[in-house]
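Chemist: Please find one structure pasted underneath; my questions will follow.
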Amino acid sequence: LKYAKELGAKTASIACNVNPAAAEFADVSIVAVVGPEVVSGSTRMKAGTAQKLILNMISTGAMVRIGRVIGNYLAYMRPTNKKLLDRAARIVMSQTDCEYELAVEAVKASNGQIIDAIDSVKKQMNN
């Protein structure tokens, strides 16, 4: 963190103990005091889960803020396998009310760009 700040980077820390040393060097310090573990000696169960949830909230908020979300869908993911192609098609369907086959074709034709597939289907449906 010290080195990153020396380079002029914005810094952040996430910790699960009171007064973490890293907070001194971070521009933003998030402290989630989760209390003692249920299983004594297993220090990463609650703390690890808390940190993961914090990171999920930050990344989700960032995706919304930079416009990568349509409705409640992450519409800028890359459909690189069958499961993701199916998800992309369902996103297109939800935004256009088109049939599954048309949605899949549109996603493939738009090189996996979901927003372009949505626009393409909307244009086809309006003609």
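The values are calculated or read from the model by the stated rules, or taken from the named source; none is laboratory data. The model shown is predicted, which means the values in this text are computed figures rather than measured ones. Heads up, the Cβs are rebuilt from the backbone with ideal geometry, glycines too, and the neighbour counts pull from every protein chain shown. Remember, those area values only see protein heavy atoms, side chains included, never the ligands or the DNA or RNA. Shrake-Rupley method; radii C 1.70, N 1.55, O 1.52, S 1.80 Å.
Chemist: Excluding same-chain residues fewer than 8 positions from Lys10, which lysines have a Cα within less than 16 Å of its Cα?
Modeler: Lys2
Chemist: Ok, one more. What number comes out for accessible area per residue over the chain if the probe is 1.4 Å? Units Å², please.
Modeler: Averaged over the residues of the chain, the accessible area is 70 Å².
Chemist: Which aspartates and glutamates, on any chain, are close to Lys83 with Cα under 18 Å apart, when same-chain ones fewer than 8 places away are left out?
Modeler: Glu99, Glu101, Glu105
Chemist: Still on this structure: Take the chain, connect every pair of alpha-carbon atoms lying under 10 Å apart with a spring to form a Gaussian network, then pick out the residue of Lys52, Lys82, Lys108 with the largest mean-square fluctuation.
Modeler: Among Lys52, Lys82, Lys108, the largest GNM mean-square fluctuation belongs to Lys82.
Chemist: Evaluate the distance, in nm, between pseudo-label points positioned 7 Å from the Cα of Val18 and of Glu101 along their respective Cα→Cβ axes.
Modeler: Between Val18 and Glu101, the label points sit 6.6 nm apart.
Chemist: Then there's this: For region 1-107, state which chymotrypsin sites (Phe, Trp or Tyr not before Pro) are in a DSSP loop and have at most 15 other beta carbons lying within 10 Å of their beta carbon.
Modeler: Here the sparse-neighbourhood loop sites are Tyr76.
Chemist: In nm, to one decimal, how far is the modelled label at Ser40 from the one at Thr11, with both set 7 Å along Cα→Cβ?
Modeler: The modelled label-to-label distance comes out at 3.6 nm.
Chemist: So, one more: What spacing in nm lies between the two simple spin-label points modelled at Lys2 and Val33, each 7 Å away from Cα in the Cβ direction?
Modeler: 2.7 nm
Chemist: Computing the accessible area with a 1.4 Å probe over protein heavy atoms, can you report the carbon and sulfur percentage for the chain?
Modeler: 55 percent
Chemist: Looking at the chain as a GNM with Cα springs under 10 Å, which of Met93, Met57, Met45 has the largest mean-square fluctuation?
Modeler: The residue with the greatest mean-square fluctuation here is Met45.
Chemist: Moving to a separate point now. Do any trypsin sites (Lys or Arg not before Pro) in region 1-48 lie in a DSSP loop with no more than 11 other beta carbon atoms within 10 Å, and if so, which?
Modeler: Lys10, Arg44
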